[in-house]
Amino acid sequence: MELRGKKVIALGERDGVPGPAVAECARRAGAEVVLTLTACFV
Amino acid sequence: MGLEDQAAVKRVADEHGSGVVVLLGTPDAESTQTLAQTVVVGDPSYAGPLAGVPLGLPVLHVFEVRDQVPVDVYEAQVGLMEMSLDRDAILAGLREARRVAAT
């Protein structure tokens with residue numbers, strides 16, 4: 001799926017790729033980031 | 001997913017409608033399946049604001065969009081984690097979540 005022009009919820013995770021890093025990838029792929037979260041599974 | 005996070009996802013999905021895509025940065029198959037299920041068919045624990053709320057949002061993992069991101073950005077933001085995590089298992093978990101959502 002092409003991200004360009006899409007609205008993206010960046011749902012990162014503390015033990016994986018954090019939300020801000022996911023969001024930066026989405027942004028640089030041409031998407032608009034509408035929410036950034038970093039979940040934490042324990 | 002925490003209750004506050006579920007509430008935030010629901011609010012944003014309601015505001016922006018069906019054009020929203022969820023991009024995951026989960027570290028294993030289990031968390032990938034759980035988060036994907038939560039934003040597609042609803043909270044599997046039936047505890048949060050997304051319980052019984054099938055948002056039906058398209059879900060991708062950040063590993064799947066590598067080709068759409070400038071190489072230097074991807075390497076800086078994701079490269080190290082992609083090397084240390086089990087990429088195949090994560091993407092298999094996402095495929096399974098999509099299969100379950102489609103049935």
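No value in this document is a laboratory result; all are computed from the given coordinates. Because the structure is a prediction, the values reported are computed rather than measured. Glycine also receives a Cβ, built like all others from the backbone with ideal geometry; neighbour counts cover every protein chain displayed.
The table that follows gives values for the structure above.
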quantity	calculated
Close pairs from the stretch A:1-19: first farther than 24 Å from B:E15 by Cβ and more than 7 Å from every other protein chain (Cβ to nearest Cβ), partner part of a strand (DSSP E or B) and among the small types (G, A, S), Cβ under 9 Å, at least 6 apart	A:R14/A:A39
Residue count for the stretch A:20-42, restricted to those that are more than 7 Å from chain B (Cβ to nearest Cβ) and not aliphatic (A, V, I, L, M)	7
Some residue of the stretch B:50-67 being without any contact (Cβ under 8 Å) to a residue 12 or more places away in the chain, farther than 17 Å from A:G12 by Cβ and part of a helix (DSSP H, G or I)	yes
Hey, A:G16 at negative phi and part of a strand (DSSP E or B) or not	no
All positions within the stretch B:2-47 that are facing chain A (nearest Cβ under 10 Å) and on the phi > 0 side of the Ramachandran plot	B:G17
Residue list for the stretch B:29-55, filter: closer than 13 Å to A:A39 by Cβ and surrounded by fewer than 17 Cβ atoms within 10 Å (Cβ to Cβ)	B:E30
Breaking point among (1) closer than 24 Å to B:G2 by Cα; (2) surrounded by 13 or more Cβ atoms within 10 Å (Cβ to Cβ), for B:E64	(1)
Qualifying positions in the stretch B:1-30 - touching a residue at least 60 places away in the same chain (Cβ under 8 Å) and part of a helix (DSSP H, G or I)	B:A29, B:E30
Residue within the stretch B:75-89 that is in contact with a Ser or Thr (Cβ under 7 Å, 6 or more places away or on another chain), buried (at least 17 other Cβ atoms within 10 Å of the Cβ), within 11 Å of chain A (Cβ to nearest Cβ) and touching a residue at least 40 places away in the same chain (Cβ under 8 Å) present	no
